[in-house]
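Below is the structure I would like to discuss, written out as structure tokens.
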Amino acid sequence: MIALIALALTCILFLPASAAADALPTTVIVAEDAHRTEALAAEELARYMETAGDREVPVATAPPADEVGAIYVGGAAQCEVPADLAADGFVIERHGADAHLCGVDPRGTLYAAYRYLEEAVGWRWLQPGTSGEALTGSGDPAFPRERIV
């Protein structure tokens, strides 16, 4: 019995990155009139999630009717951003199966996207360029478990 429990724990702890990505949202939603930096945030989310999960992650201006779990970016997101939050600050919230990423300004939204990729997917940027990118597999698809400001 103990051997079975140990085997189960080992399997859970060492899931491949693609198994963790299966629980991540499958669409990135951005406002149609989004600032170019917010659009970049949406594109970066989709690109890195596609690489991690080996599946297409579309960027759209509205969620598909059958969609369960999406990432809403910038003006498409529904976050309460504190008035006293500094420039480049951001908020990340979970609303059911959806993640909402908002910035005080467009650059803050981009920072929120990178934080989401680090925490939820497991990406790390160790140095500039693609040789410095690493997918650790240590992401938490349920991120954020609480509001991040």
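The values are calculated or read from the model by the stated rules, or taken from the named source; none is laboratory data. Quick caveat: nothing in here was measured; it's all calculated off a predicted structure. Cβ coordinates were reconstructed from backbone atoms using ideal geometry, including for glycine residues, and neighbour counts include every protein chain displayed. These accessible areas exclude ligands, DNA and RNA; they are computed on the full protein's heavy atoms, side chains included. Shrake-Rupley method; radii C 1.70, N 1.55, O 1.52, S 1.80 Å.
When you go through (1) of a type in the set (A, V, I, L, M, F, W, C); (2) touching a strand residue (DSSP E or B) at 6+ places or on another chain (Cβ under 6 Å); (3) modelled with pLDDT under 90; (4) surrounded by 16 or more Cβ atoms within 10 Å (Cβ to Cβ) one by one for PHE143, which number turns out not to apply?
Failing condition for PHE143: (2).
Which condition from (1) under 19 Å from LEU24 (Cβ atoms); (2) in a helix (DSSP H, G or I); (3) without any contact (Cβ under 8 Å) to a residue 12 or more places away in the chain is the one that GLU146 breaks?
Single failed check for GLU146: (2).
Quick one: in the range 50-62, which of the residues that are touching a helix residue (DSSP H, G or I) at 6+ places or on another chain (Cβ under 6 Å) and open to solvent by less than 80 Å² (accessible area, probe 1.4 Å) is modelled with the lowest pLDDT?
Restricting to residues being touching a helix residue (DSSP H, G or I) at 6+ places or on another chain (Cβ under 6 Å) and open to solvent by less than 80 Å² (accessible area, probe 1.4 Å), the top hit is GLY53.
Quick grid of which residues meet (1) hydrophobic (A, V, I, L, M, F, W, C); (2) surrounded by fewer than 22 Cβ atoms within 10 Å (Cβ to Cβ); (3) in contact with a helix residue (DSSP H, G or I) (Cβ under 9 Å, 6 or more places away or on another chain):
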{"position": "ALA77", "(1), (2), (3)": "yes, no, yes"}
{"position": "PRO82", "(1), (2), (3)": "no, yes, no"}
{"position": "ALA87", "(1), (2), (3)": "yes, yes, yes"}
{"position": "ALA112", "(1), (2), (3)": "yes, no, yes"}
{"position": "ARG115", "(1), (2), (3)": "no, yes, no"}
{"position": "TRP125", "(1), (2), (3)": "yes, yes, yes"}
